[in-house]
Amino acid sequence: MDEIIYYEIPVLNRPYLIAGFEGWPNAAEVSSLSIQHLVEILKAKKFASIPMENYYQMSSNRPTAIIKDGRLIELIHPGNHFYYSKDAIGKDLILFSGIEPHLRWNVFADFFLDFAKRFAVPRIFTLGGTYDYIPHTHPTVVSALFNQESLREEVVEAGLNLTEYTGPISIHTFLQEVARKRKLEAISLWGHAPQYLQARNIKVVYGVLKKLNELMKTEIDLSRLENASDYFDHQVNDLVSQDPKLQEIINKLEEAYQKSGRPFPFGKKEEPKEDKVVYIQAFLKRQEDEEKKEN
């Protein structure tokens with residue numbers, strides 16, 4: 001089986017490769033939504049796909065079906081797709097929207113970077129989301145991980161937090177290491193979403209893509225995301241104002257965050273109850289469904 005299936009082989013001028021993965025690196029849907037927005041706003045065209053069979057447990061990422069009146073209408077398979085945008089922002093880009101592989105990371109990373117070499121990609125960006133003990137009332141925190149010391153100054157100048165972490169890794173970090181060995185630049189951007197707000201977080205997506213714009217020195221139009229981010233903030237603030245207990249917890253988190261200047265593990269002091277997390281998520285899901293009906 002071919003590792004990558006091509007529908008077209010575009011001629012691109014040293015494009016950056018920007019990748020997002022569903023699964024563990026996709027807290028608050030930051031990774032998948034970031035790529036989705038870029039594909040839409042740049043009108044990027046799909047030109048290649050990675051077959052699922054060799055790298056995924058299909059029982060974990062099952063195909064979905066549309067069935068009506070007992071008849072199968074459509075079977076939708078999870079996918080890993082490459083898109084390209086040629087000179088829409090003064091720079092060629094390749095966008096990858098996929099699922100973090102379950103199996104054979106070494107093989108996946110090798111052919112992923114072989115693909116990058118084929119198109120003379122000078123730098124890879126991976127975009128991810130992580131839950132953190134931070135208040136939603138503060139500016140979005142975006143941290144960065146880079147694989148070559150020469151990238152440090154650029155990352156610092158962009159105002160990104162430098163990642164401090166010890167623990168299990170995602171495919172982002174694995175790709176960084178393989179890229180380093182191949183002398184290919186790679187930067188991972190991570191948007192930090194509040195732990196108590198486990199829902200699709202447009203505000204964090206906007207924060208991540210703003211930093212990506214700075215690092216690439218491009219002007220991708222983020223106005224739609226900016227408006228959605230403001231609306232999201234308004235929704236959450238309105239909900240929190242109606243719940244004194246939740247407001248109290250967030251106030252304590254804000255105080256601790258201001259004193260430390262770093263994300264604060266408030267779970268050691270007082271955690272928001274699970275029902276509060278679910279309540280916020282359900283509320284925002286209802287709002288999203290209502291918006292879709294209006295459109």
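The values are calculated or read from the model by the stated rules, or taken from the named source; none is laboratory data. It should be emphasised that the depicted structure is a prediction, and the values quoted were computed from it without experimental measurement. Here Cβ is always computed from backbone atoms with ideal geometry, including for glycine, and neighbour counts include all displayed protein chains.
Restricting to the stretch 37-59, name every residue that is at pLDDT 95 or above and not in a loop (DSSP other than H, G, I, E, B). Answer for the stretch 37-59, where residues must be at pLDDT 95 or above and not in a loop (DSSP other than H, G, I, E, B): H37, L38, V39, E40, I41, K45, K46, F47, A48. Taken over the stretch 90-117, the criterion of being out of contact with any strand residue (DSSP E or B) (no Cβ under 6 Å at 6 or more places or on another chain), buried (at least 16 other Cβ atoms within 10 Å of the Cβ) and closer than 25 Å to I220 by Cβ is satisfied by K91, D92, F112, L113, F115. I'd like to check something: does the stretch 207-230 contain any residue that is out of contact with any Leu (no Cβ under 7 Å at 6 or more places or on another chain), over 22 Å from A158 (Cα atoms), among the polar types (S, T, N, Q) and at pLDDT 80 or above? Yes, the stretch 207-230 has at least one match.
Conditions tested, residue by residue: (1) within 22 Å of E22 (Cα to Cα); (2) over 15 Å from the mean Cα position of the chain (by Cα); (3) touching a residue at least 24 places away in the same chain (Cβ under 8 Å); (4) crowded, with 17+ Cβ neighbours inside 10 Å.
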position: L175; (1), (2), (3), (4): yes, yes, yes, yes
position: V178; (1), (2), (3), (4): yes, yes, yes, yes
position: G191; (1), (2), (3), (4): yes, no, yes, yes
position: Y196; (1), (2), (3), (4): yes, yes, yes, yes
position: L209; (1), (2), (3), (4): yes, no, yes, yes
position: E219; (1), (2), (3), (4): no, yes, yes, no
position: K245; (1), (2), (3), (4): no, yes, yes, no
position: I249; (1), (2), (3), (4): no, yes, yes, yes
position: E255; (1), (2), (3), (4): no, yes, no, no
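Filtering the stretch 1-25 to residues that are in contact with a Leu (Cβ under 7 Å, 6 or more places away or on another chain) and either part of a loop (DSSP other than H, G, I, E, B) or on the phi > 0 side of the Ramachandran plot (or both) leaves only P15.
If you go through the stretch 1-53 and keep only what is exposed (fewer than 15 other Cβ atoms within 10 Å of the Cβ) and more than 12 Å from L95 (Cβ to Cβ), you end up with M1, D2, I5, Y6, Y7, E8, I9, V11, N13, R14, E53. In the stretch 118-165, of all residues being without any contact (Cβ under 8 Å) to a residue 40 or more places away in the chain and assigned to a helix (DSSP H, G or I), the one that is surrounded by the most Cβ atoms within 10 Å (Cβ to Cβ) corresponds to L151. Tell me which residues, restricted to the stretch 139-181, are hydroxyl-bearing (S, T, Y) and farther than 29 Å from V107 by Cα. The one that is hydroxyl-bearing (S, T, Y) and farther than 29 Å from V107 by Cα: T140.
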